[in-house]
């Protein structure tokens, strides 16, 4: 059974393997991280851990029984009891409800562990699967997301009020 874990230094090699294995798949719906990301992965990973330590962000990985990363679920720009949710799931793990369950768990953690009241997430118009995940997890569309937020693509902002919605929203 996959488990959502808070990102730590020991996850670095599994996260890099996940990102490399799914790079072309991710580029179909979100902007590519670029060669520089992979060339400077260690430095960028350490920066993420520093942001997490400072309380600016909270990063999570969904790992399988062998420790391989199936997905990343991040709360970024934590401020005023709100944050932006971002996530990506390995191509081979899609279509099985993995993303929906992990997003629900991140929502629970956001409210209970991080004291957040509101989460926002942007998804590109063509990323119908992500829109379904967000809707099943209790998010509602709240307005357009421009190309600046989505790496040149148009999309929609979704929001979930964590104080008003119980866990397990379907």
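Can you give the alpha-carbon Rg of the range 6-75 over 2.2 N^0.38 Å, where N counts its residues?
Rounded to two decimals, the normalised Rg is 1.09.
Distance between the C-alpha centers of the range 6-67 and the range 78-114? Whole Å please.
A separation of 15 Å, based on Cα centres.
Which Rg and Dmax, in Å, describe the Cα atoms of the range 70-118?
In Å, with Rg to one decimal and Dmax whole: 11.6, 36.
So what is the relative contact order of the chain, in percent, for Cα pairs below 8 Å that sit 6 or more residues apart?
Relative contact order of the chain: 19 percent.
Could you work out the per residue convex hull volume over the alpha carbons of the range 3-161, in cubic angstrom?
Considering the Cα atoms of the range 3-161, their hull volume per residue is 111 Å³.
Order these peptides, 49-55, 114-120, by their mean beta-carbon neighbour count within 10 angstrom, highest first.
114-120, 49-55
Mean residue ellipticity at 222 nm from the helices of the chain, using -39,500 (n - 2.57) per DSSP H segment of n ≥ 4 over the full residue count, to the nearest 500 deg cm²/dmol?
Computed mean residue ellipticity for the chain: -9500 deg cm²/dmol.
Compare the peptides 11-20, 152-161 by average per-residue count of other Cβ atoms within 10 angstrom and give them in order, highest first.
152-161, 11-20
Every number in this text was worked out from the coordinates using simple rules, so none of it is lab data. This structure is a prediction, so every number in the text was calculated from the model and none was measured. In this analysis, Cβ positions are derived from the backbone assuming ideal geometry, glycine residues included, and neighbour counts consider all displayed protein chains.
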